[in-house]
Amino acid sequence: MSRRKKFVLLGATGSIGESTLRVLRKHPDKLELLGVSANQQEEKLRTIVHEFQVPHAHLGTSPKNPEAFSSATTLSSGSSNLNALASHDDADVVVVAIVGSAGLGPTLAALNAGKDVVLANKESLVVGGKLVTEAARKSGARIIPADSEHNAIHQCLLGQEDRALDSIILTASGGAFRDLPIDKLKDVSLEQALQHPNWSMGPKVTIDSATMANKGLELIEAHWLFGLPPGKMEVVIHPPSIVHAMVRFIDGCCLAQLSPPSMTFALQNALLFPERHHGVEKSLDFSANLNLSFTPPCEQRYPCLRLAKQSLAQGGCFPLGFNAANEVAVDAFRMNRIGFVQISNIIDATLNKLNAIEPLTIDELHLLDSQIRETAETVVNSLN
Ligand code: NDP
Ligand code: MG
């Protein structure tokens, strides 16, 4: 039997973190958890450390009750220590399941140290796609996509020649308000936006699904992962979330990847790559009535998708601006400071104030990111 893969799980207390731990429970003979991180959920982190006897743990905030952790566990806090955990000498793979652009630093730290990264955190590619892909290229580390659509494309492309790829098609559920009359969108509540029809996910990505900012971020993510221009990437609404993505080849044939809407499939595929083993959950039941419909998204219902495409076409700092403005707007919506439809207004107004420059270093990028967040905050305040 081959040695167990040692992995670090950043963002262990979140939704992707939980799904990753389900994969670990299924395959304790193939995987070993070397380190975990959370931002502020100390107790939940401690429970994970206890269950899996994890030697290294990291908390974003300073721990309130450090003595409750086992003495066999090294507990750290602070962002430089998070980067140290992400590049730990003994790690084979680092799963980045942090939400938002906070995932960029540890993703870069892992790749710079030559660690393969199982990437759920799409924002790091949106914000720093060039830096991230260059770091991987220089060190020879692999970025193995865990976002379900990108993992699907990764699976469909295996064994194919690069020159054979024509385009990709990302599917989208359409989110919580797919069937709501458009004029009712202005009245929806936070609770309603947090009800996803198919997926159980963290709050930010659930709201991003309702606006389809998520699919916009995923187009930008796909651009960096698969090297495709905007004209070679499509989005279709596929309500059951069973086909996760499709790849069209130059001969006109399309391949699709299908599995039930649960992240354990993509995460297991990415973590155990290139091996396949029995899954955590049951596969699809084709004796049931599966209605695999596909329709183009309505631009009026999903202005965030148009804004994301526009930012990708503009390039430079615009995708970074799209992400920063979206994070500020989603936070404001979660704090009941703005209405749902204002999320896209804030992104639009923030992007309109942006000058076309391209940050070349991580420091320039962080500076620009915080400046754009300030601009977006000003836009939020002007709406109140
Ligand atoms: P959650 O909000 O459920 O979890 C986020 C995790 O990140 C938690 O462990 C949280 O710690 C930690 N965290 C939050 N803020 C910071 C920070 N500033 N620094 C370090 N750690 C932080 O998110 P999800 O699991 O839903 O999503 C994670 C990522 O995966 C996102 O980028 C999302 O877009 C992507 N994704 C998610 C999918 C899903 O099904 N959920 C599907 C595909 C992609 P704490 O708990 O202590 O706050
Ligand atoms: Mg996805």
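Among the residues of the range 77-108, write down those that are of a type in the set (Val, Ile, Thr), crowded, with 24+ Cβ neighbours inside 10 Å and not in a strand (DSSP E or B).
Filtering the range 77-108 for residues of a type in the set (Val, Ile, Thr) gives 93-96, 98-99, 107.
Next, only the ones that are crowded, with 24+ Cβ neighbours inside 10 Å stay: 94-96, 98, 107.
Residues satisfying the conditions are ILE98, THR107.
Within the range 44-54, can one find any residue that is assigned to a strand (DSSP E or B) and open to solvent by 20 Å² or more (accessible area, probe 1.4 Å)?
At the first step, the residues of the range 44-54 found to be assigned to a strand (DSSP E or B) are none.
No, there is no match, as no residue in the range 44-54 is assigned to a strand (DSSP E or B) and open to solvent by 20 Å² or more (accessible area, probe 1.4 Å).
Return the only residue of GLU377, GLU327 being under 22 Å from the mean Cα position of the chain (by Cα) and within 25 Å of GLU191 (Cβ to Cβ). Steps first, please.
Details: GLU377 fails: under 22 Å from the mean Cα position of the chain (by Cα).
From the options GLU377, GLU327, the qualifying one is GLU327.
Could you go through the range 353-365 and let me know if any residue there is surrounded by 19 or more Cβ atoms within 10 Å (Cβ to Cβ) and either in contact with a Lys or Arg (Cβ under 7 Å, 6 or more places away or on another chain) or assigned by TED's automatic domain parsing to the domain that holds PHE177 (or both).
No, the range 353-365 has no match at all.
When you go through (1) more than 16 Å from ligand 1 (Cβ to nearest atom); (2) open to solvent by 10 Å² or more (accessible area, probe 1.4 Å); (3) in a helix (DSSP H, G or I) one by one for LEU111, which number turns out not to apply?
The number of the failed condition is (2).
Taking the residues in the range 144-164 that are open to solvent by 40 Å² or more (accessible area, probe 1.4 Å) and not in a helix (DSSP H, G or I) as candidates, determine which candidate is nearest to LYS215 (Cα to Cα).
This residue is LEU158.
Give the residues of the range 202-244 that are within 13 Å of ligand 1 (Cβ to nearest atom), under 23 Å from LEU290 (Cα atoms) and part of a loop (DSSP other than H, G, I, E, B), sorted by residue number.
SER241
From GLY14, GLY35, GLY78, GLY60, grab the single residue that is within 19 Å of MET263 (Cβ to Cβ) and either among the hydrophobic types (A, V, I, L, M, F, W, C) or within 14 Å of ligand 1 (Cβ to nearest atom) (or both).
Details: GLY35 fails: within 19 Å of MET263 (Cβ to Cβ); GLY78 fails: within 19 Å of MET263 (Cβ to Cβ); GLY60 fails: within 19 Å of MET263 (Cβ to Cβ).
Answer to the selection: GLY14.
So if I check each of ASN289, ASN269, which one is open to solvent by 30 Å² or more (accessible area, probe 1.4 Å) and of a type in the set (S, T, N, Q)? Lay out the reasoning, then the answer.
Working: ASN269 fails: open to solvent by 30 Å² or more (accessible area, probe 1.4 Å).
Exactly one of ASN289, ASN269 is open to solvent by 30 Å² or more (accessible area, probe 1.4 Å) and of a type in the set (S, T, N, Q), namely ASN289.
The values are calculated or read from the model by the stated rules, or taken from the named source; none is laboratory data. All values derive from a computational prediction rather than experimental measurement. No Cβ is skipped: glycine too gets one built from the backbone with ideal geometry, and neighbour counts run over all protein chains shown. With ligands, DNA and RNA removed, areas are computed over all heavy atoms of the protein, side chains included. Shrake-Rupley method; radii C 1.70, N 1.55, O 1.52, S 1.80 Å.
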